[in-house]
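Comments concern the structure below.
Please treat every number below as a calculation from the coordinates, not as lab data. Since the model is a prediction, treat every value here as computed from it, not as a measurement. Note: ideal-geometry Cβ built from the backbone for every residue, glycine included; neighbour counts use all protein chains shown.
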Amino acid sequence: MEPLCLKKIRPVSLRDRPGKVNVEDMGKPWRPGGSFCEFLQSLPKPLAGWDFREAVERTAGAAAAGRTVLLGMGAHPIKVGLSPMVIDWLRAGILKGVALNGAGVIHDVEMALVGRTSEDVGPELHAGRFGMARETADFIHEAVRRGAGRESVGLGRAVGEALIEAEVPYVEHSILATAAELQIPVTVHVAIGTDIIHMHPSMDGAATGALSHTDFRIFCALVTRLAGGVYINLGSAVILPEVFLKAVAVAFNLGHDLRGLTTVAMDFLRPYRPEVNVVERPTAGIGRGFSFVGHHEILFPLFCAAVRERMHEGGMHADTHSH
């Protein structure tokens, strides 16, 4: 086989060839003493740089217009210190609701009760002590017991109100308590057997299931209002992407219009369910999905600050009235 002769190749001019990246898209080196807004403007524009700006713009615009912005999150964001950012967005009126898995409630309650959480699983497991904290289980299960049978009260509201009533020492660090105070829904989606409190004899599976199902129905009601709104999935790889997809299915089945929906997935990597059930399927043909990869403790505060900065820069204020 003779090598192909390349003498008849027809080159084109670089000046005539289109390019996807221009000098205007380049990032700018940081100058000490600059503002946060200047930092955001200095970021490169290609790929995630552009997507980040657009996701920030959509979130800030939705909040200012009074549209629904929802946050679904796993427990890890609480463990890495992100509760203050969530609480700030609740108090600012940006968030219309938060969805947690069962572990999220546990870490939120422990922070409120004693100001610390996240035990060292390895040593505690082999010593037979893992997950056996009495106060955690007793407090949550008692709140569930008291909430059972109350109309339209789910697990999130039951625990949040219990934290306020008990005047726990670190209540200001609780997402559940803050949301209950502000009457903003926090829904809790429990998978029986996944959480440490399910091992305790005080567990009432029927009451837990009933309150969690009420929360699912409340979450479905929130999702029906996502036309022009934003759903953020932070660090939940399985439970909340599945719950979100089912809530979207309910909304479509009942004839709700979700056009203009923006979804954002943030995690250490790109797990299958957030990519497909949050970013791709719900927005297909009607909206836009974004996916950002990074450490929760860096990426989410940056996103929160950028949204707040954009709203401040544009003179925007979150419309706290229902959409």
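Structure values in brief
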read-out: Count of lysine pairs in the chain with Cα separation under 26 Å (8 or more residues apart, or interchain); value: 5
read-out: Euclidean distance between Cα centres, region 231-301 to region 1-27, Å; value: 38
read-out: Ranked list, fewest to most other Cβ atoms within 10 Å of each Cβ, for Arg150, Arg116; value: Arg116, Arg150
read-out: Packing-based exposure ordering (other Cβ within 10 Å, fewest first) of Ser42, Ser174, Ser152, Ser212; value: Ser152, Ser42, Ser212, Ser174
read-out: Value of D in µm² per second that Stokes-Einstein yields for region 138-265, Kirkwood Rh from Cα pairs, at 37 °C (0.692 mPa s); value: 210
read-out: Cα gyration tensor category, rounded, prolate or oblate, for region 101-213 with a/c compared to 1.5; value: oblate
read-out: Candidates Asn233, Asn253, Asn277, ranked by Gaussian network fluctuation over the chain, Cα under 10 Å, top entry; value: Asn253
read-out: Most mobile of Leu100, Leu269, Leu90 in a GNM of the chain (Cα contacts under 10 Å); value: Leu269
read-out: Selection from Val307, Ala143, Gly209, by position along the positive dipole direction of the chain (Cβ); value: Val307
read-out: Charge dipole magnitude, Cβ of K and R +1, D and E -1 - region 35-109, Cα centre, debye nearest 20; value: 140
read-out: Extreme residue, positive dipole direction of the chain, given options Ile232, Ala48, Pro271 (C-beta unit charges); value: Ala48
read-out: Size of electric dipole in the chain: Cβ of Lys, Arg +1 and of Asp, Glu -1, about Cα centre, debye, nearest 20; value: 1560
read-out: Dipole magnitude (debye, nearest 20) for region 173-323, charges at Cβ of Lys, Arg, Asp, Glu; value: 400
read-out: Top of Gly285, Gly104, Gly122 by mean-square fluctuation, Gaussian network on the chain, Cα under 10 Å; value: Gly122
read-out: Order of Arg15, Arg217 under a 10 Å beta carbon neighbour criterion, fewest first; value: Arg15, Arg217
read-out: Among (i) 20.5, 60; (ii) 22.9, 85; (iii) 21.6, 67, the entry derived from the coordinates for Rg and Dmax of the Cα atoms in Å; value: (ii)
